[in-house]
Amino acid sequence: MPHRAFFAFIMPSLLAMLLFIALPIVSVAVQSLYVEHERVVTEVETCAPFAGCTTETRVDAEATEKLRDAEPLGRFNGFGTYLDRNHLATAEMNAILTDNAGFADVASRIYNLPFYRALAFTLTYTFVVTPLAMLLGFCIALGVNAIPPFYKGPVIFFSLLPMIVTPLVGALIIYWMSSPQGILGATLQSLLNDSTLSLKSSAVLTWVTLLVYGVWHNAPFSFVVFYAGLQTVPHDTLESAMIDGANRWERIRFVVIPHLMPLATFVALVQLMDNFRVFEPIVGFSAEANATSLSWSIFNDLRGQVDQLFGSAAATSMLTIVGVVILLSPVLVRTWREFNRR
Amino acid sequence: MIVNKRRRPLPLTVLSTTFVLLWVLMAAFPFIWTVWGSFKVEQDFFSRDSWWFAIEGSRTIAQTGSAFTGDGYYGAWVLRDFFSSVVNTVIVTLSVVVVSLTFGTLGGYALARSGYRYTFWLLMLALVFRAMPHITLVSGYLLPFFEMNIWGHLPTAIIVLVAINQPFTLWMLHSFFLSIPKDLDESAMVDGCSRFQAFRLVVIPVMWPGVITTGLFSFLLAYNDFAVTAMLLSQPNQTMVPKIASFLGTIQQEGNVMFAVAAVVSATAPLFVLVMFFQRQIVSGLTAGAVKG
Amino acid sequence: MAEIRLKNVSKRWHNFVGVDNFDLDIADREFLVLLGPSGCGKTTTMRMIAGLDDISEGEIWLGDRMVNNLEPKDRDISMVFQSYGLYPNMTVYENIRFPLRVRKVPKELHHEKVMQAARMVELVDFLERRPAALSGGQRQRVALGRAIVRQPAAFLMDEPLSNLDAKLRVSTRAQIKNLQHTLKVTTIYVTHDQIEAMTLADRVVVMNKGVIQQVGTPTDIYDNPANTFVASFIGSPAMNLVSGDIENGTFRGPGITIGGLQINVKGPVTLGFRAEDASLVFEGGELGAEIYSMELLGEATMASFRMGDQLVSIKSGKEYRAEIGDVVHAAIPASICHLFDARTGVRIARTPGN
């Protein structure tokens, strides 16, 4: 295809991506260097009869508004936002590292910094949910592959539901069920004989609930891909393995798993990308008291009740993007090498 | 087939069947339970005493005179105007699907047919774009959109969702186009078509399965999105998902959590139907990316 | 109806040369076959003529038009693809009509032209079917019908028979030959099958690694191969090639001695002869060795010998019988031998009088 035709065809798509994906990344980068204007404060003297005159400081809403209109970005702050307490918290980290009472103290104090709190949960979620969901998906695929064909359709139908459902809605459904008044929460209470038990009450339980939800939501994707992969396992290789004397497990180990490996890489890549932006479950489970994620921190800054903290949100966004690039880098480096070898 | 059924030892069969049954229960039960519960009153579905009330519905009978009640749905759809957000969702998802597919088929076709090196880099770039958390992009939109005065409108959300959708759509359609033999468009061009005519008259008619599958996924992305629609749409333009989220803030305090339950069930029902009718396409779509990519 | 000229045409991708300096004039109404192993550049040459691949260097002329920068649709050619490129969503009738439709041929002419083409390729009974409901041979004929429905300046055919079974291949081959004769349109035909090339072509172009090896009539390239590549590519079995040394008109190789050759050549050479030109004899002869394998071909019997690291085959009458391991002799007269330069593989011309 000649260059001109190629670009004519791809232009709408490319333009959309540049305008609404590439440009926003630039916009985020710029915004992260700015911080909101401080409020314009004026001193007003009010004199009331009998009380004398008092001066009080007031926010001059009009002047503040004017300043914001003139410079909507805010004032230039350099990398200040990145280093403040709500982000990388360099000063606090320094203090913690120089003066502490052992590892547990360091860990708990770092965990109290908002950015590291969010990072800790995001990474845990990404690297716990991804392998567990893949493992569960693989087991389901093996199981479904062995049931009579007649039942496969309905089983696949129900299996798809946790993945297809809107993440926020799925999270809400599980949240309601696991609340103390819901069927799961109440059953747990009576099983453990603890009428105060609530999944929301402790950080550990909240994390476990979110992780279980993550596995529930992500397993169907691995299942479907692995199940489709199982249909294409080369029959000849499998049969020659049987003749060579491999037992059931050995056939899975030496024929099926190697055949599924490329698929597994793909699934892992997609799931790592998706789980890294974990966000809706935290909203759905109202879990922000015990667990926050990077995406949720950005959302929280943007949703601010009083002010939208664009600078703060942008700085977290940039740090998140760096995280995504680090996450993707093995894949990108490998693809690049393979491409150059060709 | 992995294993020959006749030679499968019984304990293994029992074990794997039990496992599959357990999984189906895990996957399906939350939905069945919630659909069932949405026709009860709050004191039944969120009973402080025993979840058995939700099954018997004794409070529901006491309060409404029947074991099932549509109060939750009435509250959500009529009192809380869930209806208008349904309309918004229909507008947004349909537009996103149509525009995404238009852009995506053109771009995916170009990527599948050009032999030059830059196609590889474009696909890699799309992969990186695909990995961007949506909320980071949203934080890039807000300020410029406020300044340009385009915040809050449906078309803004639509074009943003289309763009966010493009990397995935491009990858998927690209792999579908690769499976269509090159001979087809080349014979069309020799027969007298321009490149675009060959695309429109010859390639697209045989691409329908791929287009439908990709369309389903565009639909799901637009329908399920929360980050973009919650942040970029003004209150009256809200779609279903942010509407449900807003219920949580207001309704829960008022004790009308059943409105939210009813809204959640209403929002899930179309997805059920979708999976029922397009199960095959969804499965093939999930694997198309995997096999080719 | 047009002649086609390729002036020093080359095709490069990065540093890979697909076609190198292809220079050829193809006469009006000629049936030209491009022959070579896969990856030799024959298909690329055809695709450049069709306009499906860019030309890196050189010029292609169709009649009096330089077509380098023309779109395929503007080149007035038709093409049959290896896997046919039929439109699966259209019936046979619509498939054949498609070129007329997109080229804005007046509607009232369509039916007549389609029916005429369908009759020529014997598809009248299948016009309402879709390609999926046709056999391989029928699909192939739809592709042919689509190519001949209008009168293009040239037909291009890219291995059109390679997806057919052996029996169908023979009959379709005859049909193609007949169609070209009837329609009198310049035809370029790409194949890796030397039998197709020999049977169809007015002229054959043998290509290897992007370079033309030899251009000539089928008889020409069979009887006088220009180099060892052509010699080993044409004929079934391929020409026997034995390396050895020549001095004073006598060739000496492993187990072979042949006298009476050119006396002006000296040193290492490759000697070639065809299996069907030599004969097995009871005694004497230029070759004597143990039989390595015996093959019954039906119309002949073929004995093979291992000479050094080469395999030499010789055909004999269909009644001839011998066992593997028997020692036999073969007559290889100098008159059937070809000499090639041992290093370059180029043919050493027979000087007159020798």
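Coordinate-derived values only; no laboratory data. None of the values given here were measured: they were computed from a predicted structure. Heads up, the Cβs are rebuilt from the backbone with ideal geometry, glycines too, and the neighbour counts pull from every protein chain shown.
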- Note on the structure: Taking the dipole of chain B about the Cα centre (Lys, Arg +1; Asp, Glu -1; charges at Cβ), the one of B:LEU122, B:THR102, B:LEU161 that reaches farthest to the positive side is B:LEU122
- As computed over the range A:228-277, the Cα convex hull volume per residue (Å³): 69 Å³
- Who wins for biggest fluctuation among A:THR292, A:THR209, A:THR187 in a Gaussian network model of chain A, springs between alpha carbons below 10 Å? A:THR187
- Item | Convex hull volume per residue in cubic angstrom - Cα atoms of the range C:201-270 | 114 Å³
- Quick one: if the Förster radius is 25 Å, what FRET efficiency do A:LEU135 and A:ASN247 give, using the C-beta to C-beta distance and rounding to 0.05? 0.70
- For C:LYS104, which lysines qualify as cross-link partners when the Cα separation must be under 27 Å and same-chain residues fewer than eight apart are set aside? B:LYS182, C:LYS73, C:LYS113, C:LYS184
- May I ask for the percentage of alpha-carbon pairs in the range C:140-261 that lie more than 22 Å from each other? 48 percent
- So what's the Cα pair-distance distribution over the range B:161-211, bin width 5 Å, in %? 5, 20, 25, 20, 16, 9, 4, 1
- Task: Enumerate the residues in the range C:67-87 having an amide nitrogen under 14 Å from the point lying 7 Å beyond the Cα of C:LYS7 toward its Cβ.
- Result: C:67-69
- Note on the structure: Listing A:TYR175, B:TYR73 by rising number of other beta-carbon atoms within 10 angstrom, fewest first, gives B:TYR73, A:TYR175
- Task: Take the alpha-carbon centre of the range C:216-260, take the same for the range B:97-172, and report the distance between them in whole Å.
- Result: 64 Å
- Top positive-direction residue, dipole computed over the range C:237-341 with Cβ charges, set C:PHE282, C:LEU241, C:SER316: C:LEU241
- Note on the structure: When C:TYR87, B:TYR116, B:TYR109 are ranked with the fewest other C-beta atoms within 10 Å first, the list becomes B:TYR116, C:TYR87, B:TYR109
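By its C-alpha gyration tensor, with a ≥ b ≥ c as the square roots of the eigenvalues, how is chain A shaped: rounded for a/c under 1.5, else prolate for a/b larger than b/c, else oblate?
Verdict is prolate for chain A.
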- Candidates A:VAL331, A:VAL129, A:VAL44, ranked by Gaussian network fluctuation over chain A, Cα under 10 Å, top entry: A:VAL44
- Here the whole-number average of other chain Cβ atoms within 10 Å per Cβ of A:18-30 is 6
- Message: Let me check the size of the range A:31-131 from its C-alpha atoms; what are the radius of gyration and Dmax in Å?
- Response: 21.9, 74
- Query: Any idea how far the Cα center of the range A:184-216 sits from the one of the range A:14-87, in Å?
  - Reply: 42 Å
- Task: Over all directions, average the projected area of the Cα convex hull of the protein assembly as shown and note it in nm².
- Result: 61.7 nm²
- Query: Does anyone have the angle between helix C:107-120 and the longest principal axis of chain C? Alpha-carbon axes, 0 to 90°, nearest 10?
  - Reply: 30 degrees
- Query: So for A:HIS217, C:HIS110, B:HIS134, fewest C-beta neighbours within 10 Å to most, what's the order?
  - Reply: C:HIS110, B:HIS134, A:HIS217
- Item | Over the range A:36-76: Kirkwood hydrodynamic radius from C-alpha pairwise inverse distances, Å | 11.7 Å
- Message: Explain nothing, just the number: relative contact order of the range B:1-142, from Cα pairs under 8 Å at least 6 residues apart, as a whole percent.
- Response: 11 percent
- Roughly speaking, what is the centre-to-centre gap between the range C:130-201 and the range A:221-262 when only Cα atoms are used, to the nearest Å? 43 Å
- Note on the structure: In whole percents, the bins of 5 Å from zero upward hold the Cα-Cα pairs of the range C:237-341 as 2, 13, 25, 26, 17, 9, 5, 2, 0
- When a/c is below 1.5 the answer is rounded, else prolate if a/b is larger than b/c, else oblate, so apply that to the range A:115-214 with a ≥ b ≥ c taken from the square roots of the Cα gyration tensor eigenvalues. oblate
- Message: Quick check on the protein assembly as shown: of the DSSP beta bridges with both residues there, what percent are antiparallel, nearest 5%?
- Response: 80 percent
- Query: If the cut-off is a Cα-Cα distance under 19 Å, which lysines reach C:LYS11, setting aside same-chain residues fewer than 8 apart in sequence?
  - Reply: C:LYS42, C:LYS209
- Can you tell me the order of C:218-225, A:235-242, B:138-145 when each peptide is scored by its average per-residue count of other Cβ atoms within 10 angstrom, highest first? B:138-145, C:218-225, A:235-242
- Item | Cα gyration tensor shape for chain B, rounded if a/c is under 1.5, else prolate or oblate | oblate
- Kirkwood Rh and Cα Rg combined as Rg/Rh, the range C:4-228: 0.97
- Query: Using the alpha-carbon atoms, what tilt in degrees (0 to 90, nearest 10) does helix A:167-178 show relative to the longest principal axis of chain A?
  - Reply: 90 degrees
- Query: Measuring from a point 7 Å past the Cα of A:HIS259 along Cα-to-C-beta, which residues in the range B:265-289 have an amide N at less than 20 Å?
  - Reply: B:283-289
- Query: Could you give the angle, 0 to 90 degrees to the nearest 10, between helix A:310-341's Cα long axis and the longest principal axis of the Cα atoms of chain A?
  - Reply: 30 degrees
- Message: Treating only the Cβ of Lys, Arg, Asp and Glu as charged (+1, +1, -1, -1), what charge dipole size does the protein assembly as shown show about its Cα centre? Round to the nearest 20 debye.
- Response: 1680 debye
- Value in Å of the Kirkwood radius, where the range B:152-293 supplies the Cα pairs that are averaged: 17.8 Å
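Taking the Cα centre as origin and putting +1 on Lys and Arg beta-carbons and -1 on Asp and Glu beta-carbons, what dipole magnitude results for the range C:237-341, to the nearest 20 debye?
Around 140 debye, computed over the range C:237-341.
Return the calculated 222 nm mean residue ellipticity for the protein assembly as shown, to the nearest 500 deg cm²/dmol, obtained by summing -39500 (n - 2.57) across DSSP H runs with n ≥ 4 and dividing by the residue count.
Per the formula, -17500 deg cm²/dmol.
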- Message: At a threshold of 8 angstrom on Cα-Cα distance, excluding pairs fewer than six apart, so keeping six or more, what relative contact order does chain C reach in percent?
- Response: 15 percent
- Item | Distant-in-sequence amide H partners of C:ARG65 (H built 1.01 Å from N, under 5 Å) | none
